[in-house]
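Taken together, the values in this text are just the output of simple stated rules run on the coordinates, not laboratory data. Bear in mind the structure is a predicted one, so any value in this text is a computation, not a measurement. Neighbour counts run over all protein chains shown; Cβ positions are idealised from the backbone, glycine included.
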Amino acid sequence: MNAILDTNVVSELMRPAGDVQLRAWVDGQAPETLFLTSINVAEIRIGIALLVPGRRRQILADRFESELLPKFGDRVLPFDVEATGPHAEIVARSRRAGRPVSHFDALIGAIAYVRGMSVVTHDTAPFETAGVAVLNPWEA
């Protein structure tokens, strides 16, 4: 089944000494089944931009732009008009349940929903609240 990597997974994969269990899980998947979204790309770029200018920031920017992002090629999914309906439902449902989902998670969840994909994440609660299938490699 195709799956979208949540931003916390992407961030962990960028760490030089990232979680061994996560890396093993990702390495065990067919690359063509794993996707990013334009939302993940924005979140990662925001996180890097917020770092103090210096060596660490440059290393992370280079690692993301030159190593990780190119591996996904055309497997970076956009947020489009089709996803706006599910996005609205996710936001409304989570607020009514008293468990508001972050704006970014609601966008990623809507993209996953319209494409019939699961979300690979360490933080499953927002996506479960949104009614989106999740995979947690840390518990696999």
- Query: What do you get for Rg/Rh over segment 16-83 if you use C-alpha atoms and the Kirkwood form of Rh?
  - Reply: 1.01
- Charges only on Cβ, +1 for Lys and Arg, -1 for Asp and Glu: so what's the dipole of segment 3-139 about the Cα centre, in debye to the nearest 20? 400 debye
- Query: Got a sec? Charge dipole of the chain, +1 on Cβ for Lys and Arg, -1 for Asp and Glu; which of P53, L68, A42 is way out at the positive end?
  - Reply: P53
- Item | Largest-first principal axis extents of the Cα set of segment 3-139 (Å) | 44, 33, 27
